[in-house]
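A short reminder: the numbers here are calculations on the coordinates, not readings from a lab. All values derive from a computational prediction rather than experimental measurement. Here Cβ is always computed from backbone atoms with ideal geometry, including for glycine, and neighbour counts include all displayed protein chains.
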Amino acid sequence: MFYHLLYPLSQDYGALNIFRYITFRSSVSFLIATLVSIWWGKYFILFMKRKQFGQVVRDDGPESHLKKAGTPTMGGLFILGSILVALLISGNFFSIPLLITIGVTFSFFLLGFLDDYLKVLKKNTDGISAKGKLLWQFSTAIGASLLMTHYDIVDTFLYLPFMKGPVIDLGGFYHLFVAIVIVGSSNAVNLTDGLDGLAIGPIITSAASLGIMTYVAGHREISGYLFIPYIESAGELTIFAAAIIGAGVGFLWYNSYPAQIFMGDVGSLSLGGTLGTIAVLTKNEVLFVIIGGIFVTEAVSVILQVVSYKTRKKRVFKMAPIHHHFELMGWPEPKVIVRFWIISIFLAIFAIATLKMR
Ligand code: 57M
């Protein structure tokens, strides 16, 4: 809004020229998303409690989780709502990368909402079938990928950390590759969201790291200096990343241990898809494996556990995802959470450092 309404007036009022700057609009986006989510969260939790829309906790999980039954969930509704408010104020909706990212976020938001609605409001613990979820996610991701190449936002080349130029042209496989990154990210965040604050912490660090990637990728001089691909108007995604950080901090105000609210699939599936899309739009698909290392580790632990159990009837971990393994090893929940946060902060900063190592 501000960008579209106020910036054109900067011809007459020079001070309004400030709305041109990505750094300024990103700061505004962060501040608004933080304040809106802290304010909105308070009333959302009261509403969910009054309606008794609480989490159904499976009895096959760690003993310590049974007391969490009834905790309000679907907090993703006010996380994404706060992000939308911040974008409406600070975003430039003429940016195609921004519109594509909003499209993926909204589609995964709808999927997560439907799943939560069935599970929480209709008490149908299965929700949408795994096949149905994957079909929805892959359709959205491939659609987004086709738009990215149709509008020449990105090329079909693969870029690796530490390497100056592209390493290989993926050609037609590029769309499947993009879909695996976006769908994989969405489901990995979903699996990670199993302890208080465990998912939102790495979401914040990933958004911060990716936010810097979008800023430099959208800056012609800096991208050239760092030998990274220049992506027209990728800087508008910095404002989106700043909103995710702000809304994430506001959500963490209530989701920190002991959680008063969970984000629900509506939050984990959408935010995971958003981070994957931003990684693709800045040609950081492989670097994102480092940035989102906690999400990757959680997903890989499930794959290892399921494959091992199916083939050898033996478990690799006491329980998957890996955060449950540490719980069953006797680590108190807050210790698991904060140690995972520490690792995700390290990975986010290491990824930023690789920008100079090319
Ligand atoms: C997503 N959802 C949490 C909450 C959150 C194939 C298998 C690995 C699938 C996996 C699974 O069901 N994953 C679903 C994880 C759930 O959180 C809800 O879901 C939303 C996120 N999608 O927003 O609404 C529970 O997590 C706890 N929680 C918190 N604090 C938070 O801030 O404490 C969530 C957020 C909540 C709450 O207890 O109820 C979840 O864990 O289901 N399955 C599993 O993760 C299960 N692991 C498992 O079955 N392992 C097996 C094999 C199949 C790998 C094994 O190791 O042998 C674990 N989860 C549960 N029970 N609930 C263990 C069993």
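Details
- Rounded to the nearest 10 degrees, the angle from helix 96-116 to the longest Cα principal axis of the chain is 20 degrees.
- Rounded to the nearest angstrom and listed largest first, the equivalent-ellipsoid semi-axes of region 188-283 from its Cα gyration tensor are 29, 12, 9.
- 25 Å tail of the calculated P(r), region 204-358, as % of Cα pairs: 38
- Were the residues from TRP331 through SER129 laid out at 0.36 nm apart, the gain over their Cα-Cα distance would be 69.4 nm.
- By the compact-protein rule of thumb, 2.2 N^0.38 Å, the alpha-carbon radius of gyration of the chain corresponds to a ratio of 0.98.
- Summarising the label geometry, the points placed 7 Å from Cα in the beta-carbon direction at LYS318 and PHE106 lie 4.5 nm from one another.
- Hull volume per residue, based on the alpha-carbon atoms of region 43-128 and their convex hull, is 118 Å³.
- Label-point gap, in nm, between ILE168 and ALA69 - each point 7 angstrom along Cα→Cβ: 5.0
- If a spin label sat at a point 7 angstrom from the Cα of ARG358 along the line to its beta carbon, the backbone N atoms of region 224-266 nearer than 12 Å would be those of 224-231.
- Within region 1-96, the trypsin sites (Lys or Arg not before Pro) that combine a DSSP coil assignment with at most 14 other C-beta atoms in a 10 angstrom radius are ARG58.
- Convex hull volume of region 41-84 per residue (C-alpha atoms, cubic angstrom): 80
- Label-to-label distance, nm, for residues given as LYS310 and LEU35 (7 Å Cα→Cβ offset): 5.1
- Span per principal axis, largest first, for the Cα atoms of region 1-151 (Å): 64, 39, 24
- Along its three principal directions, the equivalent ellipsoid of region 122-238 from the Cα gyration tensor extends over semi-axes of 30, 20, 12 Å, largest first.
- What separates the Cα centres of region 215-255 and region 90-160 is a distance of 19 Å.
- Unit charges at the beta carbon, dipole of region 1-105: most positive-side option, ILE100, LEU87, PRO8: LEU87
- Simple point charges give the picture: +1 on the Cβ of Lys and Arg, -1 on the Cβ of Asp and Glu, and for region 1-73 a dipole about the Cα centre of about 240 debye.
- Globularity ratio of region 259-347, using Cα Rg and 2.2 N^0.38 Å: 1.23
- Taking Cα atoms only, the orientation of helix 293-312 departs from the longest principal axis of the chain by about 40 degrees.
- Loop-located trypsin sites (Lys or Arg not before Pro) in region 74-152, at most 16 other Cβ atoms within 10 Å (DSSP): LYS122, LYS123
- Helix 130-150 axis, angle to the chain major axis (alpha carbon atoms, nearest 10°): 10
- Two-site FRET efficiency, LEU9 against ILE349, from Cβ-Cβ distance with R₀ of 45 Å, rounded to 0.05: 0.70
- Measuring between alpha carbons in the structure, the pairs from LYS283/LYS314; LYS68/LYS131; LYS131/LYS164; LYS67/LYS133; LYS122/LYS335; LYS131/LYS318 lying more than 32 angstrom apart are LYS283/LYS314; LYS131/LYS164; LYS122/LYS335.
- Cα-Cα pairs of region 100-150 separated by more than 12 Å (percent): 64
- Summarising the amide proton neighbourhood of PHE157: residues at separation of 5 or more, or on other chains, whose placed amide H is nearer than 5 Å comprise LEU170.
- The charge dipole of the chain, taken about its Cα centre with unit charges on the Cβ atoms of Lys, Arg (+1), Asp and Glu (-1) only, comes to about 960 debye.
- For the residues LEU195, LEU118, LEU210, a GNM of the chain with alpha-carbon springs under 10 Å puts the largest fluctuation on LEU118.
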